[in-house]
Amino acid sequence: MGLRDRLKKREEKREQGQNNLPEGVTRYVRLSQELKDGKDFVILRDPNLWFFYYVHEDGDYATRATYVKKHTCLHSPRKAPETEKEADEMFMKFEKPNGDVCISDKAKAKRGLYFMVPVYDIEYGEWRVMDLKEFHVNNLMDDIEKTEKAARKFDKSYTMIGDVVTFSKADKTYTVGSSDMDEAEAAKAIEAASKLDQSLIDYEELANFRDEADMISILREATDDKVDKSVLPAKAEEPAADTSAEPVADGDIQEDELPF
Ligand SMILES: [Zn+2]
């Protein structure tokens, strides 16, 4: 392939990857808001292959105090696993903090596991992601298992992945179950979802990795006894923080719904 063709391909890919969501709707599903009355989606990827990554954050939910501002751990995968074997290897590689790769690991900042669940949003005809903590993903995986088990009594090959399902907000978590969408409409949504090119979902971009300078300034602002600040460079040696990497201001997105 000549360079000209390669450039054309890149252009095509960019165009396809463009966000066709209405103004004010983000790639991240605003969980508590959009799921409060239940909403239909098609899950695009097997739970065993969902993109996972780690996040540093520390705070007190009850008092709304932030000890360490939420940011992505640099010792995290940059892509979703393609096979269960790869998922396993990735999981083992990144499970423990690594201070050689991530300054926040070195500073022993609290670290938690997150997943990005890729979904087809039927309302908008676009892919989006649900950015969820381990706890919620556990609950969703339980729901999927239960629903599939029940359905397989009638259809042995049934899977919720690729089917229209309803996500709802539940007591302090989220649930997923069968949808009661009209059959013809559901068939249309399933077909549209199956045509989506999942390679357009750039998880690395969605996870918003920061550069080290940025992370150092977050750690500096952190509550003293929540991180080990002795690992931070002396102020004079510190590279200037890149302020352009600040997340886009978006008033009504709740802090717990964005990976940064
Ligand atoms: Zn880290």
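Considering only the stretch 131-144, I want to know if a residue exists there that is within 16 Å of the ligand (Cβ to nearest atom), modelled with pLDDT of 95 or more, more than 25 Å from Ser217 (Cβ to Cβ) and more than 17 Å from the chain's Cα centre (by Cα). Within the stretch 131-144 (the criterion being within 16 Å of the ligand (Cβ to nearest atom), modelled with pLDDT of 95 or more, more than 25 Å from Ser217 (Cβ to Cβ) and more than 17 Å from the chain's Cα centre (by Cα)), the answer is no, since none of the residues qualifies.
Apart from one condition, Ser104 fits all of (1) of a type in the set (Ser, Thr, Tyr); (2) more than 30 Å from Asn20 (Cβ to Cβ); (3) in a loop (DSSP other than H, G, I, E, B); the exception is (3). The residues of the stretch 160-175 that are touching a residue at least 40 places away in the same chain (Cβ under 8 Å) and either in contact with a Pro (Cβ under 8 Å, 6 or more places away or on another chain) or among the β-branched types (Val, Ile, Thr) (or both), listed by number, are Ile161, Val164, Val165, Thr166. Please work out if Ala109 is closer than 30 Å to Pro233 by Cβ, touching a strand residue (DSSP E or B) at 6+ places or on another chain (Cβ under 6 Å), aliphatic (A, V, I, L, M) and assigned to a loop (DSSP other than H, G, I, E, B). Here the answer is yes, as Ala109 does meet what is asked.
Residue count for the stretch 181-234 satisfying the condition of being within 24 Å of Tyr114 (Cβ to Cβ) and assigned to a helix (DSSP H, G or I): 21.
Filtering the stretch 70-102 to residues that are touching a Pro at 6+ places or on another chain (Cβ under 8 Å), without any contact (Cβ under 8 Å) to a residue 60 or more places away in the chain and within 13 Å of the ligand (Cβ to nearest atom) leaves Cys73, His75, Phe94. For beta carbons closer than 6 Å, sequence separation of 6+ or different chains, a first residue in the stretch 114-127 that is part of a strand (DSSP E or B) and a second that is among the acidic types (Asp, Glu) and modelled with pLDDT of 95 or more, the qualifying pairs are Met116/Asp131.
Residue-wise test of (1) in a loop (DSSP other than H, G, I, E, B); (2) modelled with pLDDT under 95; (3) under 19 Å from the mean Cα position of the chain (by Cα); (4) among the aromatic types (Phe, Trp, Tyr).
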| position | (1), (2), (3), (4) |
| --- | --- |
| Asp5 | no, yes, no, no |
| Arg10 | no, yes, no, no |
| Glu23 | yes, yes, no, no |
| Thr26 | yes, yes, yes, no |
| Phe41 | no, no, yes, yes |
| Pro77 | yes, no, yes, no |
| Lys96 | yes, no, no, no |
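Report yes if some residue within the stretch 61-68 is within 16 Å of the ligand (Cβ to nearest atom), part of a loop (DSSP other than H, G, I, E, B) and farther than 28 Å from Ser199 by Cβ; otherwise report no. Checking the stretch 61-68: not a single residue is within 16 Å of the ligand (Cβ to nearest atom), part of a loop (DSSP other than H, G, I, E, B) and farther than 28 Å from Ser199 by Cβ.
The values are calculated or read from the model by the stated rules, or taken from the named source; none is laboratory data. What you are looking at is a predicted structure, and each value in this text was computed from that prediction instead of being measured. Using ideal geometry, Cβ is built from the backbone for each residue, glycine included, and neighbour counts are taken over all protein chains shown.
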